[in-house]
Amino acid sequence: MTGLGSSGGGRGKGSGDAPEDVAREIADAVEALASLWSLAAQEAMLRLSVQQLRALRELRATPDLNLTALAERLAVGLPTASRLCDRLEAAGLLERALHPRRRREVRLSLTSHGHKVLDDVAGRRAQALAAALAGVERADRAALSRGMRAFLAARESGSPLSGSGEGQDGPARSVRAAGAGGEAPDESCGTDE
């Protein structure tokens, strides 16, 4: 761990306000957030892997994707995406339907149960985050909020990582949604199916 979680008042190496130092501290906070996010998701009405949650969120954001488009958005191969959809369909979270004009194309969409599961996960995550933030001083919460808005603005304005294959609003969209009680950035937490 780096500086954020360390005890004591001493300022050691890497505890300044240079971007690299702050990045190390934020990395620790992101790890803690990812852990909180995973635990909250596991307490939901239905236990889903990170990849399954990602697929459901993609389908909610862009209804009627086909399998190829979903695989591209998840950065997985077609066979992996197909097996993932098989599991989600078997759980009653996903429906497949033939495209009305392109007979060989199958559309993927969430069922009402799929929407309820995503809402449950989002609600649990928002509650867990609110509980953690309740222990933070009001001024620090305000500073954190300002810092996150500044980070998102910098990210969206074309920072060096904005071309990293996720599209400019990939993580930013997730963080914005989290601020509104939605999903958060568990995209980088693994490739479970």
Fill in: Conditions (1) outside any loop (DSSP other than H, G, I, E, B); (2) at pLDDT 85 or above; (3) of a type outside the set (Lys, Arg); number of the one not met by residue 92
(1)
Fill in: Failed criterion for residue 167 (all others in (1) part of a helix (DSSP H, G or I); (2) open to solvent by less than 70 Å² (accessible area, probe 1.4 Å); (3) at pLDDT below 90 hold)
(1)
Practice prompt. Give me a count of the residues in segment 59-78 that are crowded, with 16+ Cβ neighbours inside 10 Å, assigned to a helix (DSSP H, G or I) and under 17 Å from the mean Cα position of the chain (by Cα).
Written response: 6
Discussion item. Report every pair of residues separated by at least 6 positions or lying on different chains whose Cβ atoms are under 7 Å apart, first residue within segment 96-117 and of a type in the set (D, E, K, R), second part of a loop (DSSP other than H, G, I, E, B).
Written reply: 105/99; 107/64; 107/99
Worksheet item: Could you give every pair whose Cβ atoms fall below 9 Å, whose first residue belongs to segment 26-47 and is under 19 Å from residue 152 (Cα atoms) and open to solvent by 50 Å² or more (accessible area, probe 1.4 Å), and whose second residue is part of a loop (DSSP other than H, G, I, E, B) and among the small types (Gly, Ala, Ser), counting only separations of at least 6 or pairs across chains?
Response: 33/184
Discussion item. I'd like the full set of residues that are outside any helix (DSSP H, G or I) and under 17 Å from residue 118 (Cα atoms), limited to segment 15-50.
Written reply: 43, 44, 45, 46, 47, 48, 49
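A quick yes/no check of all residues on (1) among the hydrophobic types (A, V, I, L, M, F, W, C); (2) within 23 Å of residue 38 (Cβ to Cβ); (3) over 16 Å from the mean Cα position of the chain (by Cα):
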{"residue": "48", "(1), (2), (3)": "yes, yes, no"}
{"residue": "56", "(1), (2), (3)": "yes, yes, no"}
{"residue": "104", "(1), (2), (3)": "no, no, yes"}
{"residue": "125", "(1), (2), (3)": "no, yes, no"}
Worksheet item: Has segment 174-189 got any residue that is surrounded by 14 or more Cβ atoms within 10 Å (Cβ to Cβ), assigned to a helix (DSSP H, G or I) and at pLDDT 90 or above?
Response: no
Response to the item:
Every listed condition ((1) in a loop (DSSP other than H, G, I, E, B); (2) among the polar types (S, T, N, Q); (3) modelled with pLDDT of 80 or more) holds for residue 2 save (3)
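The values are calculated or read from the model by the stated rules, or taken from the named source; none is laboratory data. Predicted, not measured: the structure shown is a model, and the values here were computed from it. Glycine also receives a Cβ, built like all others from the backbone with ideal geometry; neighbour counts cover every protein chain displayed. Calculation scope for accessible area: heavy atoms of the full protein, side chains included, ligands and nucleic acids excluded. Shrake-Rupley method; radii C 1.70, N 1.55, O 1.52, S 1.80 Å.
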